[in-house]
Amino acid sequence: HAAQAKSRAVVLEMIGDIPDADMKPPDTALFVCKLNPNTQDEDLEIIFSRFGPCTANIIRDRKTGDSLNYAFIEFETQEASEMAYEKMNNVIIDDRRIKCDFSQSAHDQWKQFKLGSRQKLLDKRRAQAADL
């Protein structure tokens with residue numbers, strides 16, 4: 001699977017969808033999953049900012065804009081990310097018990113989002129090109 005993911009990453013890099021095929025999340029990012037679909041980026045930023053300045057990015061379906069119930073929260077320091085992990089893993093937010101993980105551990109999910117969610121688009125483009 002690694003070779004296939006790498007080849008897809010190279011294709012996406014060539015068509016400009018990602019800046020670098022080996023792109024990975026920074027050490028200061030925290031992966032948060034099992035979110036309530038109604039939770040917003042701003043909600044997470046308010047909740048997690050007690051550990052330090054942060055930006056939250058809830059991952060959304062490209063077509064519908066609906067939350068995929070997970071997010072990446074990027075802190076300015078690795079220490080803030082670690083403290084947030086220790087204090088926030090298994091905490092209830094918006095009636096959902098969230099799970100936190102270091103983004104490096106969640107690299108596969110992150111890469112899958114960056115690469116796999118675009119696979120349908122690539123397949124569609126290939127099908128359209130084949131019809132020409």
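The values are calculated or read from the model by the stated rules, or taken from the named source; none is laboratory data. In this text, all values refer to a predicted model and were calculated from it rather than measured experimentally. Counting neighbours? That spans all protein chains shown, and the Cβs are built from the backbone with ideal geometry, glycine included.
Overview of values
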| item | result |
| --- | --- |
| Only listed residue being under 11 Å from Leu35 (Cα atoms), touching a Ser or Thr at 6+ places or on another chain (Cβ under 9 Å) and either modelled with pLDDT under 95 or among the hydrophobic types (A, V, I, L, M, F, W, C) (or both), chosen from Ser67, Ser81, Ser103 | Ser67 |
| Matching strands (runs of 3 or more DSSP E) fully within segment 21-82 where at least 2 residues are of a type in the set (Phe, Trp, Tyr) and closer than 19 Å to Asp94 by Cα | 67-75 |
| Search result, residues across segment 59-84 that are of a type outside the set (S, T, N, Q) and under 14 Å from Cys100 (Cβ atoms) | Tyr70, Ala71, Phe72, Ile73, Glu74, Phe75, Ala80, Glu82, Met83, Ala84 |
| Residue among Ile73, Ile59, Ile98 that alone is touching a Leu at 6+ places or on another chain (Cβ under 8 Å) and within 15 Å of Thr28 (Cα to Cα) | Ile73 |
| Any hit, segment 40-56, residues being touching a Phe, Trp or Tyr at 6+ places or on another chain (Cβ under 8 Å), among the aliphatic types (A, V, I, L, M) and crowded, with 21+ Cβ neighbours inside 10 Å | yes |
